[in-house]
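Some notes on the structure that comes next.
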Amino acid sequence: MKKRLSILLAVCMLAGALAGCGASKEESAAGEATTTEENAGEEETEAPVFVTIASGVDIGDMNPHLANAAIFAQNYVYEGLVVYEDGGIQPGLAETWDISEDGLTYTFHLRENAMYSDGTALTAENVVKNFDAIFAANLYGYMGAAAYMDHYTAVDEHTFEIVLTEPYAPVLHDLAAVRPFRMLGDAGFMEDGSTDQGIKEIVGTGPWMLTDYVENEYATFEQNPYYWGEAPKIDGFTLKVFTDGQTAVSALEAGEIDMIYDMYESQLMSVDTYNSLVDAGYNSFISEPVLTRALTLNSQVEPLNDFNVRKALILALDRESIVQSVFGGLEEMAQSYYWPGTMDCNVGLKGYSYNVEEANKLLDEDGWVLEDGKEYRTKDGKELAVTFYYDASNVVQTSFAQICQSEVKKIGMNMKIMGEEYSANISRIYSGEFEIGYTVSWGDPYDPHSTLAAMATVGGSAEYFALASMENFDDFAAKVAAAPKAVDAEERQALYKEIMQAIEDEYSIIPISYQTNRAITQTNISGVTFGLSNIMPLNELTVE
Amino acid sequence: MRKYIIKQILMIIPTLLIVSIVAFGMIRMLPADAVETYMLANHLEMTDENIAMVEEKFGLHEPVVTQYFSWVSAVLHLDFGESYTSNQEVADMLWKAFKATAQLAGAAMLWIVVLTPVLGIFSAKKPNGWMDGFTRMFCLMGTAIPTFVLGFFMIRLFGVQLKILPVSGKESWMNYIMPSFALSLAHISSFVQMLRNEMLENKKGAFTLYANARGIKEGVVFRTHILKNSMLPVVNTVGISIGRLIAGTVVIENVFSWPGLGQLITKAILARDYPVIQAYILLIAIVFICANLIADLLSAWVDPRIRLGEKG
């Protein structure tokens, strides 16, 4: 027995030693970020540069027209006619475009050198085929570009035209969104030309093409050799799926991955983690604001249907300190629901102030009395109490709930906080069965027109329940519908100003902070850039 | 024994029937239903028209009883339907995830099968000796430390500090070491304690006394009388633990980003992906039934008294 045991032990130790060697070799390969030897016979001695990036989500089915794929991954492969970059609409697959004077006809002149990754050329016919499939799927009615589309045609091989039923200025914004108006190569369509039941091949015109993929494990992208634009600086990259942020950070520290890039869809680093990695000397990058975090007060239910109660609640929140304590300087306090840098949103709103005295005065005047020895105010025997429903798995929401609870106690308001499962919370908020809830704006290119439209639609968003009790809600909704149709830019700006002022005057949506995207990389990586809230552009990324 | 096995196999049918009804009903009682969750994920406006469209797409427009029977009849034809969120066949998704989990559970089982007897024998040879002390400490820690804490601790130590094991991925056998060990430790701890107690008990048994009296060598007595008798209940429990290993991987799969059943079901529940959840519950029920069967067969194999019971 002893003999056998000792043999077993010896074998185990040997195996362990061998494993150690194997690991250190692999390790050093990974540690050097990613350079692998090129096959012999290649004249260039430069080895291809690959980067490994942690991703919190799997890339999904990579169908450009549906919502089953990660947006940032769709964005690598598929392109639209235009893109939203640097605060405005820029050429995409359409090099130029003309807009008719009545604002109804948009004529796009496609790039003649745009090619799909299978070597086929982009044509207007192909664009029509994509639009056919998107409209057949009938999933995007909430987008003006779909709702106001009259018809579209291929004028010639490289000219594509859409005609709207009514003028709708943000149509280009909708076309710039990552889905659904992105182009799939002919080889990707099913026999009947549809895409809503799946696609046959992943072929796009974008800078990257998917070359290796194991669901829920990793996805490798390499340069599309036919890409029309300037080639990215790295040869390819692998997105490795991590279901836990701490593990992703450990993998970064172990040198197995080169970058963690947090955006709307994939969030692996808490604020503390990010700061500790910055302190540890890794390279760090922060984007401009991408969307707005807000608290929504349901003005349809008691006691929040009382304007003074809402106003007092808002005045009692020291948002500056809240944002500082939750984000430690990584996010800026939001003064308005839309970041002033968003198109049409720099309308000079005043924002809400912090004034406990005034809040107390409002409640006093309103008849909410704080009796001696009591913690909370009452009115007609009813306690001043509200409930904040939040997603308990979300650290930011949990912090908001806890801090707000202690903040409003100062004015004798009892804020109960109720953490729930994610889906249950979302569904509660969208069906109006809440008093206070956490929401975010959708970011570019949807802000402000698409989010406003959702606010003006029954049950279209949580904010609807905040605004619906507005005295002249129909008038507000009419302005929301009219603003994007205003062909004249000044007229449009004036309408948006009125709309946003009306929202602010309602005291029912509390902007908290402007969310940013953040990245941490190994020290040999630079050129990290940002874009929309849910994309991760890698064209400029370089490895030294 | 054969009768018993046949009876067990026949019991699968009513068990699965009950499980399927409970599973079907329970997930429909969750707050936020599949239609709502799908519409929110796709930014679909909550109009009656849209709701009807999605309900029909998922076959949820029919009465629940009708839904249940059409699901059961499809399942009998081994058709588990399509996922609501990804247009994939549920059977494929489940099979892929099951393979990953089974590999992990298999590796954990290897740790269990190797370490349990080694540690058990170590500690029972000289009770209260230093090896026994070590083993008892090991078992105490194994039972007390939560799996995810152990997982993170190992990642920090072996992955980040010593850099001898990979933190992520599942490409090589090295990737299996940490998650499978973390998964197995709690099991090993309880099995070792069980084995140790059994052995100490058997050491005091009359048959051991006789064997010693007959002058049989100590080692032989240990192997044939003490160890063999002590293994029996342990083998049975180890067999039953297969079910717990497969169904209990949710936490460790999340820590190690393992693409198995734990991850699949977490996502499916968040998305209210009914076909996936239903099929998962059925699968786990089958796994538990099979694990119990295997445990019984193992016991019979180790212990002739059970095997020959009916003839005797």
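The values are calculated or read from the model by the stated rules, or taken from the named source; none is laboratory data. These figures come from a predicted structure and were not determined experimentally. In this analysis, Cβ positions are derived from the backbone assuming ideal geometry, glycine residues included, and neighbour counts consider all displayed protein chains. Just so you know, the surface numbers come from the protein's heavy atoms only, side chains and all, with ligands and any DNA or RNA stripped out. Shrake-Rupley method; radii C 1.70, N 1.55, O 1.52, S 1.80 Å.
At-a-glance table
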read-out	value
Translational D in µm²/s for region B:212-274 (Stokes-Einstein at 20 °C, 1.002 mPa s, Kirkwood Rh from C-alpha pairs)	141
Occluded residues from region A:445-472, i.e. those whose accessible area drops by 30 Å² or more once the chain is not alone (1.4 Å probe)	A:457
Accessible surface, region A:124-253, averaged per residue in Å² (probe 1.4 Å)	35
Cα-based equivalent ellipsoid of region A:79-199: semi-axis lengths in Å, sorted from largest, via gyration tensor	21, 17, 14
Signed unit charges on C-beta, dipole axis of region A:291-515, positive-most listed residue A:441, A:309, A:418	A:418
Per residue solvent-accessible surface (Å²) - region B:2-77, probe of 1.4 Å	64
Solvent-free Debye scattering, log10 I(q)/I(0), computed from the Cα coordinates of region B:97-308 at q = 0.09, 0.11 Å⁻¹	-0.43, -0.62
Calculated from backbone phi, Karplus (6.51, -1.76, 1.60) coupling profile of region B:193-207 in Hz, x at Gly/Pro	4, 5, 4, 4, 4, 4, 5, 5, 4, 5, 4, 8, x, 4, 5
Förster radius 35 Å - calculated FRET efficiency between residue B:22 and residue B:173, Cβ distance, rounded to 0.05	0.35
Shielded by partner chains, region B:106-121 residues - at least 10 Å² of accessible area, 1.4 Å probe, vs chain alone	B:114, B:118, B:121
Surface share of carbon and sulfur [accessible, 1.4 angstrom probe, percent] for chain A	49
Contour excess over end-to-end distance, with Cα ends at residue A:383 and residue A:307 and 0.36 nm allotted per residue	25.7 nm
Assigned charges on the beta-carbon of Lys, Arg, Asp, Glu; region B:2-76 dipole about Cα centre (debye)	1020
Signed unit charges on C-beta, dipole axis of region A:136-242, positive-most listed residue A:153, A:241, A:228	A:241
Protein-only accessible surface order, largest first, of A:393, A:508, B:190 at 1.4 Å	A:393, B:190, A:508
Debye intensity ratio in log₁₀ form over the Cα atoms of the protein assembly as shown, taken at each q of 0.05, 0.06 Å⁻¹	-0.35, -0.50
Sequence-separation-based contact order of chain A, relative, with Cα cut under 8 Å and 6+ spacing, percent	18
Computed accessible area, residue B:136, all protein chains, 1.4 angstrom probe, square angstrom	110
Nitroxide proxy distance, nm - points 7 Å out along Cα→Cβ at residue B:148 and residue A:393	1.1
Sequence of B:194, A:536, A:149 from largest to smallest accessible area, 1.4 Å probe	B:194, A:149, A:536
FRET efficiency estimate (nearest 0.05) - Cβ-Cβ, residue A:374 to residue B:137, R0 41 angstrom	0.15
Residue A:325 - accessible surface, heavy atoms, 1.4 Å probe, Å² rounded to 10	80
Estimated dipole of the protein assembly as shown in Debye, rounded to 20 [Cβ of Lys and Arg +1, of Asp and Glu -1, Cα centre]	7840
5 Å binning of all Cα-Cα separations within region A:408-535, expressed as whole percents from 0 upward	2, 9, 15, 18, 17, 14, 10, 7, 5, 3, 1, 0
Equivalent ellipsoid, region B:2-76 (semi-axes from 5 times Cα gyration tensor eigenvalues, Å)	36, 12, 9
Shielding by other protein chains, B:29-40, mean Cβ within 10 Å	4
Phi-based couplings in Hz for region B:87-96 (Karplus 6.51, -1.76, 1.60; Gly and Pro marked x)	6, 9, 5, 4, 4, 5, 4, 5, 5, 4
Efficiency of FRET between residue A:102 and residue A:493 - r from beta-carbon atoms, R0 22 angstrom, step 0.05	0.65
Area of residue B:270 that stays accessible when all protein chains are in place (1.4 Å probe, Å², to 10)	70
Packing-based ranking, highest mean first, of A:92-104, B:9-21, A:156-168 given that Cβ atoms within 10 Å are counted	A:156-168, A:92-104, B:9-21
Average accessible surface area per residue within region A:291-515, 1.4 Å rolling probe, Å²	39
P(r) of region A:298-402 over all Cα-Cα pairs, binned every 10 Å from zero, in whole percent	12, 34, 36, 15, 2, 0
Linear extension gain, residue A:231 paired with residue A:333, 0.36 nm per residue minus alpha-carbon span	33.0 nm
Principal axis box of region A:291-515, alpha-carbon based, largest edge first, Å	60, 35, 31
Assigned charges on the beta-carbon of Lys, Arg, Asp, Glu; region A:291-515 dipole about Cα centre (debye)	300
Amide hydrogen neighbours beyond the local backbone of residue A:387, cut-off 5 Å, H modeled	A:416, A:435, A:436
Charge tally in the Cβ shell below 9 Å around residue A:359, where Lys, Arg are +1 and Asp, Glu are -1, residue A:359 excluded	+1
Accessible surface buried upon B-A contact (total; probe 1.4 Å; Å², nearest 100)	3800
